[in-house]
Amino acid sequence: MENLSKFYIDGVWSQPNSGATMPVLNPATERQVGVVALGNAADVDAAVAAASRAFTSYSQTTKAERLVFLGRLLKVTEARFEDLAQAMSMEMGAPISMARDAHADAAVGHLQGFIEALGQLQERGSLTSGDIQLREPIGVCGLITPWNWPMNQIALKVIPALATGCTCVLKPSEHTPISAMIYAEIIHEAGFPAGVFNLVQGDGHTVGAAMSRHCDIQMMSFTGSTRAGTAVTRDAADTVKRVTLELGGKSPNLVFADCDLQDRVTASVGECMYNTGQSCDAPTRLLVERSCYDVAVEIAKRAADATLVGDPTQEGDHIGPLFDRIQFDRVQAMIAVGIDEGATVLAGGLGKPEGITDGWFVKPTVFTDVSNSMRIAREEIFGPVLVIIPFDTEEEAIEIANDTPYGLAAYLQTGDPVRAERVAACLRAGAVHINGGGFNYGSPFGGYKQSGNGREGGMMGLEDYLETKTLHGLG
């Protein structure tokens, strides 16, 4: 933990220029587990300078050489797997079974997906015009990641930068700095050249803004709220750098009467509550065909009431706390908004689960009697809160589903494969999960509308870090 008070710059752990710090709290116990240094613009300048120097040589490495580096990274990541899982369970409250199966697994799974994609990437090709097309690394990349899926988002940004020959500066969420520190240690042990990867801890207003505005950063990749994403875009505008964004969501989940209601509604509630509802693509709007609405509501209530809430250190299939008091207060406020709007609390509601006093635990909550115009149906709550909305026709379901400023994901439950294809084609979202189909490593992830731009993962995830150069006269 001693490196938590330092930054990883130019291949070494160094003392920050800034003297600012912040306590790191365990959200399940509210106890302090560490102190993280918070950087400033001078720290960003030092990291960017190191990345710029390293880019000169690292950008000239061959694909084969970078694949060797990534192979070493895979071995070290697998060796530190449990350290990553324990860190995320402690710093953000992920139940340890889930921390292993999903959070830490992302560091391995995404890496394997990018290794496969890099092997297939064509960096040089001939055009029908006779010219030659090259794909080259874009330059120094600024990477900003959130607290809700710490390692998933770090892997989706750092690995493609390293794979394509870019160099980078990572600013993880200041609320989940321990897993990022461990990942920096993993990269160091894997033997990447000094300056290729740099870590500066800090907040968005200071470190994030300094990165976005920096004239020597050629690309910013940001994951977080839509509000913060627009701030990154504005800060980056003066230097006309590339900006990719993965932002918020209010994902619809369309349930038709021809599906296996017991199985699909139960699973849909579980999907909403997963990660304590702190997922940008969580299916938080359950749109149910009116002919099966009453039955679906009964199933949803049983599923929500059966959702266990408990200690993240314990093995098992339960959800943990929200990541801190700020989020707890926000979720409680939005539950109160739903009640004030006239929605019916089917399960859960205000306050902590019975018998729990410490930690930022909330009740798995389901609302009925909801219209899509209500705030609880339109705003991202980022907690285990589900709203259920009826529809009469397929066309109405699609209209409600698309009536949102977001477009990260959509979910669809139907026993008719023809309908599944037809409805999916009409949904304005970057991913459509049909009858429980999950995301696979190597597939592109990203959204429409205010859910962002660009795609992360696999081949498309590499392409965001590449520039295209055309050679004329050699064909």
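Quick look at the numbers
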{"item": "Pairs with Cβ under 6 Å, 6+ apart, first in region 270-284 and touching a residue at least 60 places away in the same chain (Cβ under 8 Å), second among the aromatic types (Phe, Trp, Tyr) and outside any helix (DSSP H, G or I)", "result": "Gln278/Phe382; Pro283/Tyr411"}
{"item": "Scan of region 57-91 for residues that are assigned to a loop (DSSP other than H, G, I, E, B) and either in contact (Cβ under 8 Å) with a residue 60 or more places away in the chain or touching a Leu at 6+ places or on another chain (Cβ under 6 Å) (or both), ordered by number", "result": "Ser59, Gln60, Thr61, Arg80"}
{"item": "Scan of region 385-410 for residues that are over 27 Å from Leu350 (Cβ atoms) and touching a strand residue (DSSP E or B) at 6+ places or on another chain (Cβ under 7 Å), ordered by number", "result": "Phe391, Ala397, Ala401, Ala409, Ala410"}
{"item": "From Ala194, Ala210, Ala190, residue being crowded, with 24+ Cβ neighbours inside 10 Å, among the small types (Gly, Ala, Ser) and touching a residue at least 60 places away in the same chain (Cβ under 8 Å)", "result": "Ala210"}
{"item": "All positions within region 280-306 that are surrounded by fewer than 22 Cβ atoms within 10 Å (Cβ to Cβ) and among the polar types (S, T, N, Q)", "result": "Ser291"}
{"item": "Residue count for region 214-241, restricted to those that are assigned to a loop (DSSP other than H, G, I, E, B) and among the aliphatic types (A, V, I, L, M)", "result": "2"}
{"item": "Residues within region 148-158 that are in a helix (DSSP H, G or I), farther than 16 Å from Gly195 by Cα and either in contact with a helix residue (DSSP H, G or I) (Cβ under 8 Å, 6 or more places away or on another chain) or of a type in the set (A, V, I, L, M, F, W, C) (or both), tallied", "result": "6"}
{"item": "Options Ala180, Ala94, Ala161; residue that is buried (at least 21 other Cβ atoms within 10 Å of the Cβ), assigned to a loop (DSSP other than H, G, I, E, B), aliphatic (A, V, I, L, M) and under 20 Å from the mean Cα position of the chain (by Cα)", "result": "Ala94"}
{"item": "Residue count, region 1-13 (criterion: loosely packed, with under 15 Cβ neighbours inside 10 Å and not acidic (Asp, Glu))", "result": "2"}
{"item": "Residue match in region 429-441 (condition: touching a strand residue (DSSP E or B) at 6+ places or on another chain (Cβ under 9 Å), of a type in the set (A, V, I, L, M, F, W, C) and closer than 30 Å to Leu134 by Cβ)", "result": "no"}
{"item": "Within region 253-267, tally of residues that are crowded, with 23+ Cβ neighbours inside 10 Å and within 17 Å of Phe439 (Cβ to Cβ)", "result": "1"}
{"item": "Qualifying residues in region 35-56 (those that are in contact with a Leu (Cβ under 9 Å, 6 or more places away or on another chain) and either of a type outside the set (Val, Ile, Thr) or closer than 22 Å to Ile217 by Cβ (or both)) - the one surrounded by the fewest Cβ atoms within 10 Å (Cβ to Cβ)", "result": "Ala37"}
{"item": "Residues that are buried (at least 18 other Cβ atoms within 10 Å of the Cβ) and closer than 27 Å to Cys272 by Cβ, drawn from region 222-243", "result": "Phe222, Thr223, Gly224, Thr226, Ala228, Gly229"}
{"item": "Qualifying positions in region 353-404 - without any contact (Cβ under 8 Å) to a residue 60 or more places away in the chain, surrounded by fewer than 18 Cβ atoms within 10 Å (Cβ to Cβ) and either in a loop (DSSP other than H, G, I, E, B) or not assigned by TED's automatic domain parsing to the domain that holds Ile335 (or both)", "result": "Pro353, Glu354, Gly355, Ile356, Thr357, Asp369, Ser371, Ser373, Thr393, Asp403"}
{"item": "Boolean, Gln32 is out of contact with any Ser or Thr (no Cβ under 6 Å at 6 or more places or on another chain), farther than 23 Å from Ile182 by Cβ and surrounded by fewer than 14 Cβ atoms within 10 Å (Cβ to Cβ)", "result": "no"}
{"item": "Selected residue (criterion: surrounded by the most Cβ atoms within 10 Å (Cβ to Cβ)) from residues of region 197-207 that are part of a helix (DSSP H, G or I) and touching a residue at least 12 places away in the same chain (Cβ under 8 Å)", "result": "Val207"}
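For every residue, the table says whether it meets (1) more than 18 Å from Arg455 (Cβ to Cβ); (2) modelled with pLDDT under 95; (3) among the aromatic types (Phe, Trp, Tyr); (4) touching a helix residue (DSSP H, G or I) at 6+ places or on another chain (Cβ under 7 Å).
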| position | (1), (2), (3), (4) |
| --- | --- |
| Ser97 | yes, no, no, no |
| Asp101 | yes, no, no, no |
| Ala104 | yes, no, no, yes |
| Gly109 | no, no, no, no |
| Arg124 | yes, no, no, no |
| Arg135 | no, no, no, no |
| Pro146 | no, no, no, yes |
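The values are calculated or read from the model by the stated rules, or taken from the named source; none is laboratory data. For clarity, every value in this text was computed on a predicted model and none was experimentally measured. For neighbour counting, all protein chains shown are included, and Cβ atoms are generated from backbone atoms with ideal geometry for every residue, glycine included.
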